[in-house]
Amino acid sequence: MTTSTSPRTALGGSATRDASRLLRTVLRTDSVSTAAFAVLMLVESALTATPLGLPRALAVVSGCGMVAGAVAFWLLARMPVLPLRLVGAAIALNAVCGAAFAVLACTDLVPLTGFGRLFLGAGAVIVAVFAELEYVGLRRVRRA
């Protein structure tokens, strides 16, 4: 009789479930925070005096894109089996958005106010943290 030391066999698949739990939790949290950020962008676009300095069109497009991203992250987290390529795409999307926020916050491409620079800079850091946590979760799922 042979004994397997594979975590999947030894733990009856619980290692995979535990690994995916972290990834699903991060994806759900990312979804909720992206939705909140989207609401702030859309509310900001409706104000007559924009506190961020973002052009209204950019705020509306960004907010709508974030709503779509929030829905996609939520649906991805709820899938019975996580498609690793889609998780990789979510990580890449976060990395690109984080870089875009950082560029906007640190340059004069858009006439941001001081608060706008702080807001987008904080957004860049938050998105980068989510990308990293999702990457860690993805690695754990692949190992399990």
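Of all the listed residues (V71, V39, V43, V61), the sole one being at pLDDT 95 or above and either over 12 Å from the mean Cα position of the chain (by Cα) or of a type in the set (V, I, T) (or both) is V71. In this entry, G98 passes the filter for residues that are closer than 26 Å to V141 by Cα and either touching a residue at least 12 places away in the same chain (Cβ under 8 Å) or assigned to a helix (DSSP H, G or I) (or both).
Here is a yes/no grid of residues against (1) charged (D, E, K, R); (2) touching a Leu at 6+ places or on another chain (Cβ under 6 Å); (3) under 23 Å from V39 (Cβ atoms):
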{"position": "G63", "(1), (2), (3)": "no, yes, yes"}
{"position": "F73", "(1), (2), (3)": "no, yes, yes"}
{"position": "R78", "(1), (2), (3)": "yes, no, yes"}
{"position": "G88", "(1), (2), (3)": "no, no, no"}
{"position": "L93", "(1), (2), (3)": "no, no, yes"}
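Within segment 79-91, which residues are open to solvent by 50 Å² or more (accessible area, probe 1.4 Å) and either of a type in the set (F, W, Y) or without any contact (Cβ under 8 Å) to a residue 12 or more places away in the chain (or both)?
Correct list: M79, P80, V81, R85, L86, A89.
Checked against (1) modelled with pLDDT of 90 or more; (2) not in a helix (DSSP H, G or I), T48 passes all but condition (1). Within segment 103-125, track down each residue that is part of a helix (DSSP H, G or I), in contact (Cβ under 8 Å) with a residue 24 or more places away in the chain and open to solvent by less than 40 Å² (accessible area, probe 1.4 Å). If the condition is that a residue be part of a helix (DSSP H, G or I), in contact (Cβ under 8 Å) with a residue 24 or more places away in the chain and open to solvent by less than 40 Å² (accessible area, probe 1.4 Å), then G116, F119, L120, G123, A124 are the ones that fit. Within segment 26-62, the set of residues being closer than 18 Å to A128 by Cα and open to solvent by less than 60 Å² (accessible area, probe 1.4 Å) comprises V26, L27, D30, S31, S33, T34, A35, A36, F37, A38, S62.
Of all residues in segment 86-95, those being over 17 Å from A19 (Cβ atoms) and either of a type outside the set (A, V, I, L, M) or not in a helix (DSSP H, G or I) (or both) number 1.
The values are calculated or read from the model by the stated rules, or taken from the named source; none is laboratory data. Please read all numbers here as calculations on a predicted model, not as lab measurements. No Cβ is skipped: glycine too gets one built from the backbone with ideal geometry, and neighbour counts run over all protein chains shown. Only protein heavy atoms, including side chains, enter the accessible area calculation; ligands, DNA and RNA are left aside. Shrake-Rupley method; radii C 1.70, N 1.55, O 1.52, S 1.80 Å.
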